[in-house]
Amino acid sequence: MSDSGVTVKKSEQFSEWYTQAVLRSELADYAPVKGCIIFREYSYSIWEKIQDYFDKRIRETGHKNAYFPLFVPESLLKKEAEHFQGFVPECAWVTVGGDTELEERLAIRPTSETIMYLMYKKWIKSWRDLPIKLNQWCNIVRWEKATKPFLRTREFLWQEGHTAHTTKEEAEREAMDILEIYRDLSEDVLAIPVLIGKKTESEKFAGALYTLTLEAMMPDGKALQMGTSHNLGENFSKAFDIRFIGEDEKEHYAWQTSWGITTRLIGALVMVHGDDKGLVLPPKIAPYQVVVIPIFYKEIERDLILSKAASISQRLKKEGISTILDDRAEYTPGWKFNQWELKGVPIRLEIGPRDIKNKQVVAARRDTLERTTVKEEELIETTSQILEEIQDNLLNRAKKFLDNHITSVKTYDEFKKAQKGKGGFLRACWCSNQACEEKIKEETGATIRLIPFKKEKLFATCICCGSEPKEVVYFARAY
């Protein structure tokens, strides 16, 4: 473990605080390859918990996992022109294999629509072959210019789902159902509240009919896209000639969707919940929910206290509470307290000579830093209750922050003033003209993060041009 904790305040040097929290808590480290990071075991455990939750949810609705190649021939990417142009600046290319120059460049997977849909064309012939509902967990390469662990790296991990359906209605339902699973993951597991809605034409996924999104608010006033679900319509099936004979014995193009979440969710966890001491992890996603720390001052006490600490650790594990016993002799209890606070473990249980005498333990909550005494006979019930309270508290705290960072603005001057102030989501009326959207982006760096599903009441003229508005949208600067 790191010898020191976070040395700057989150409220004063947010970017530096984030980097220190990630590195010193041992979530990640910089790789020798520029732009890449190493997912250390602590962050990978969090990713595995995300995988477990999401995998279970999609399997319940008939999805299955598969794996497709890392290399994508350039000719395949070009089959869907709009999609190809959207990824060209970020593509990494392989041009030599061994000592032989390749006849055709191979892109290192920026996304898998093209290579998967070539196979869908081969596999889909009849309505009986549909729906196809495949997902894959894999790595992705996009040649980012800046590096920020979990948020912007050249290689990252994600899941990407790709489905094919007989009708438009099925595809629409699929895209929305996945969005709702993403929302459950974000709010119920990660304790991060989100706004959901639709992307504008200029912000949608290249080649999609439309894109649905989840947007969270970070402590520095910037939005973070937590996941997207795309209705691809027939755009890709026409480009890749994915046709089937329907029940009506006529030929049709398949309706498709794609959707994904990435390891940037780990970055969101750090930013939203962390404090000046380091990480604060929600119990449902924490690699360890409880750390048990034995405390003794005399060697004669050692065996008794270690035995009791081990017994308590085993009791918790048997009840399904993820627990680690820190019985290392080479570190002091105070050092351990600081380290496990840095790593964000929800509950610390302390066991010393007085606690054994009184048949109790001392429980310290990571979210509030409160310490309480717990009787041994009430250990399981009380620990479970505290874990639930921490999960709820973190979500409620984040919800309050989100609500306080949604500002309705009527004029462009108000917009700019609010953005320079606390930032956050700027709720404004828009004429639906892309020229206004682009002007605001160029002048302020803010983009339309979403158009809410439920049409909101218009309350002003267009935030940019002053003409008659068409809809209420949410702007923000974003990661």
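Quick check on Ile266: is it modelled with pLDDT of 95 or more, of a type in the set (A, V, I, L, M) and surrounded by fewer than 24 Cβ atoms within 10 Å (Cβ to Cβ)? So Ile266 does not fit the description; no.
Within the range 401-420, the residues that satisfy the criterion of being touching a residue at least 24 places away in the same chain (Cβ under 8 Å) and either of a type in the set (Lys, Arg) or within 26 Å of His273 (Cβ to Cβ) (or both) are Phe401, Leu402, His405, Ile406, Lys410, Lys416, Gln419. State whether one or more residues within the range 383-396 are among the hydroxyl-bearing types (Ser, Thr, Tyr) and under 24 Å from Ile46 (Cβ atoms). Within the range 383-396, one or more residues are among the hydroxyl-bearing types (Ser, Thr, Tyr) and under 24 Å from Ile46 (Cβ atoms). Among the residues of the range 1-37, those identified as over 26 Å from Gly334 (Cβ atoms), assigned to a loop (DSSP other than H, G, I, E, B) and either open to solvent by less than 40 Å² (accessible area, probe 1.4 Å) or in contact (Cβ under 8 Å) with a residue 12 or more places away in the chain (or both) are Ala31, Val33, Lys34, Gly35, Cys36.
So, Thr373, is that one without any contact (Cβ under 8 Å) to a residue 40 or more places away in the chain and assigned to a strand (DSSP E or B) or not? So Thr373 fits the description; yes. Scan the range 220-239 and give yes if some residue there is free of Cβ contacts under 8 Å to residues at least 40 places away in the same chain, crowded, with 21+ Cβ neighbours inside 10 Å and under 21 Å from the mean Cα position of the chain (by Cα), otherwise no. Checking the range 220-239: at least one residue is free of Cβ contacts under 8 Å to residues at least 40 places away in the same chain, crowded, with 21+ Cβ neighbours inside 10 Å and under 21 Å from the mean Cα position of the chain (by Cα). Considered as a group, the residues in the range 58-80 that are part of a helix (DSSP H, G or I) and open to solvent by 60 Å² or more (accessible area, probe 1.4 Å) include one that is farthest from Cys91 (Cα to Cα), and that residue is Glu60.
Look at (1) more than 19 Å from Met271 (Cβ to Cβ); (2) buried (at least 20 other Cβ atoms within 10 Å of the Cβ) and you find that Tyr210 fails only one, number (2).
Among the residues of the range 394-401, none qualifies, meaning not one is open to solvent by less than 70 Å² (accessible area, probe 1.4 Å) and touching a Lys or Arg at 6+ places or on another chain (Cβ under 7 Å). Is it true that Glu170 is assigned to a strand (DSSP E or B) and among the acidic types (Asp, Glu)? It is false that Glu170 is assigned to a strand (DSSP E or B) and among the acidic types (Asp, Glu).
Taking the conditions (1) in a helix (DSSP H, G or I); (2) open to solvent by less than 70 Å² (accessible area, probe 1.4 Å) in turn, Ala363 satisfies each one other than (1). On the given criteria, is Thr200 of a type outside the set (D, E, K, R), assigned to a loop (DSSP other than H, G, I, E, B) and closer than 19 Å to Tyr474 by Cβ? Yes; evaluated as a whole, the condition is true for this residue. Per this entry, Glu104 is not counted among residues that are open to solvent by less than 50 Å² (accessible area, probe 1.4 Å), acidic (Asp, Glu), in contact with a helix residue (DSSP H, G or I) (Cβ under 7 Å, 6 or more places away or on another chain) and farther than 17 Å from Trp137 by Cα.
In the range 433-448, the qualifying residues are those that are free of Cβ contacts under 8 Å to residues at least 40 places away in the same chain and surrounded by 15 or more Cβ atoms within 10 Å (Cβ to Cβ), and the one that is farthest from the chain's Cα centre (by Cα) is Cys436. When the range 198-207 is filtered for residues that are surrounded by 22 or more Cβ atoms within 10 Å (Cβ to Cβ) and more than 21 Å from the chain's Cα centre (by Cα), only Gly207 remains.
Within the range 343-358, can you find the residues that are of a type in the set (A, V, I, L, M, F, W, C) and surrounded by fewer than 22 Cβ atoms within 10 Å (Cβ to Cβ)? Result: Ile356, single match.
Just one of the listed residues (Leu316, Leu325, Leu306) is under 30 Å from the mean Cα position of the chain (by Cα) and more than 30 Å from Thr7 (Cα to Cα), and it is Leu316. Mind listing just one residue for me: the one in the range 182-197 that is on the phi < 0 side of the Ramachandran plot and part of a loop (DSSP other than H, G, I, E, B) and, of those, surrounded by the fewest Cβ atoms within 10 Å (Cβ to Cβ)? By that ranking, first place goes to Pro193.
When residues in the range 275-327 are screened for being outside any helix (DSSP H, G or I), open to solvent by 70 Å² or more (accessible area, probe 1.4 Å) and not hydroxyl-bearing (Ser, Thr, Tyr), 5 of them pass. Among the residues of the range 49-80, those that are of a type in the set (A, V, I, L, M) and in contact (Cβ under 8 Å) with a residue 60 or more places away in the chain comprise Ile50, Ile58, Ala66, Leu70. Only residues that are touching a residue at least 40 places away in the same chain (Cβ under 8 Å) and either open to solvent by 50 Å² or more (accessible area, probe 1.4 Å) or outside any loop (DSSP other than H, G, I, E, B) (or both) were counted in the range 242-263, giving 13. Considering the range 414-432, and only residues there that are in a loop (DSSP other than H, G, I, E, B) and within 21 Å of Met217 (Cα to Cα), the residue that is nearest to the chain's Cα centre (by Cα) turns out to be Gly424.
The values are calculated or read from the model by the stated rules, or taken from the named source; none is laboratory data. Since the structure is predicted, the reported quantities are computational estimates derived from the model, not experimental observations. For neighbour counting, all protein chains shown are included, and Cβ atoms are generated from backbone atoms with ideal geometry for every residue, glycine included. These accessible areas exclude ligands, DNA and RNA; they are computed on the full protein's heavy atoms, side chains included. Shrake-Rupley method; radii C 1.70, N 1.55, O 1.52, S 1.80 Å.
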